[in-house]
Structure formats: C-alpha cells, structure tokens
Amino acid sequence: MKFQMTRDINSSIYNDSLTIRKTVFIEEQQVDEALEIDELESQTLHVVGYDEKEEACCTARLYEKETGMIKVQRVAVLSSHRGKCYGRELLNAIEDIAKSEFNAHTLVLDAQDHAIPFYEKSHYTVYGGPFLDANIPHHHMKKEI
Ligand code: COA
C-alpha cells in the first residue's frame, strides 16, 4: 500500500479521503453529514492509502490537539478491503507521519467500541469511561510513540 497525505482540501487526495469517509461513515454507519464533515477539515492532515491497483481504500486524518499530541480521526477502510491488514498498515503509516510531520510523542483517538480490539492490536490502550459520539458508543484510547 502507498500512502499520500495532504492539508489541501482542494486536492484530489482530500477528495479521495472524503469519498471513503462518505461511503463508510455517512452511508454505512449513518453518521450525519454535518457531524462527519466538520470545521476541522482545513486544519487537519489527511492520509489516504492506495492499493496495488491505485484504488483509494483507506483513510484517516490527524489533528494536532497540542504540541506533540496528535488526535487520530476518521479511521476508515472500505468494506471491500477489510480483513487484509490495510487498517493495521494505515495505523503504522499514521504513526510514522505523526512523528515526521508533528514530532509527536502521543497519539489519542476516540474509538468506536467495536473497533477497540483493532486498536489494541496496535498497542493503543483505553482510558476513561464510555461516551456517545454521533450516537455511537465510544472510549478514549491513546498510545505513546
Ligand atoms: N474486532 C476485532 N478485531 C478486529 C476488528 C474488529 N472489529 N477489526 C480488525 N480487527 C483485528 C484483525 O482481526 C487483525 O488482527 P489479527 O492480525 O490478529 O487477525 C487486526 O485487527 C488488524 O485488522 P485489519 O485487517 O488491519 O483491519 P481492517 O483493515 O479490517 O480495518 C477498521 C479495521 C476498524 C478500520 C475497519 O473495520 C473499518 O473501517 N470499519 C468502519 C469504520 C470504523 O468503524 N472505523 C473506526 C472508527 S473509531
């Protein structure tokens, strides 16, 4: 898998990211479009993974919450591409990018509960209690890198 990143919301990479997010979060998970596409779009770093056929198949965005602390958001793999370790490759790429672009020491994210074991396999740990976001049960998770 090849990863590309952009901060430019007029770029084709951002457009590829949004196409995946619309399919996964808005269509598949029924998240409200107004919640999914928010005011942080132009303040975040968007990462897209392309498979061997150059098809955009996974994405995430990174938000610098505070110096060295990056919030990983909108992690998604197209359903046709799940279970092939693309999600794990995406998390590995995010870690490299967080270090190189932000000199990050900590990654945090809000995990949908069903995805907690997926993040645990990449050594993220849960902290704090449960909460709802877009009506979906979540927990905070973090990883020191
Ligand atoms: N429950 C338990 N384990 C899971 C899992 C799940 N829902 N999803 C993945 N895993 C495990 C895999 O079994 C694999 O472990 P293994 O190597 O020991 O077998 C490991 O995590 C890596 O899996 P991978 O194939 O890289 O995951 P994926 O490409 O299927 O992507 C998601 C996982 C969660 C990103 C994907 O299912 C997705 O996009 N879901 C919809 C959007 C979403 O919910 N995003 C998370 C928002 S917080």
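Every read-out reported here was derived from the displayed coordinates using simple, explicitly stated rules and does not represent laboratory data. Quick caveat: nothing in here was measured; it's all calculated off a predicted structure. Glycine gets a Cβ as well: all are built from the backbone with ideal geometry, and neighbour counts include every protein chain shown.
Quick notes on this structure:
- Taking the fewest neighbouring Cβ atoms within 10 Å as the starting point, the ordered list for Phe102, Phe131 is Phe131, Phe102.
- Here the mean projected area of the convex hull built on the C-alpha positions of the chain is 8.1 nm².
- Share antiparallel - DSSP beta bridges, the chain, percent rounded to 5: 90 percent
- Ascending count of other beta-carbon atoms within 10 Å, so fewest first, for Ile136, Ile97: Ile136, Ile97
- Convex hull of alpha carbon positions in region 60-145: directionally averaged projected area 5.5 nm².
- A convex hull fitted around the alpha carbon atoms of region 17-71 yields 90 Å³ per residue.
- Sorted fewest first by neighbouring Cβ atoms within 10 angstrom, Asp51, Asp32 come out as Asp32, Asp51.
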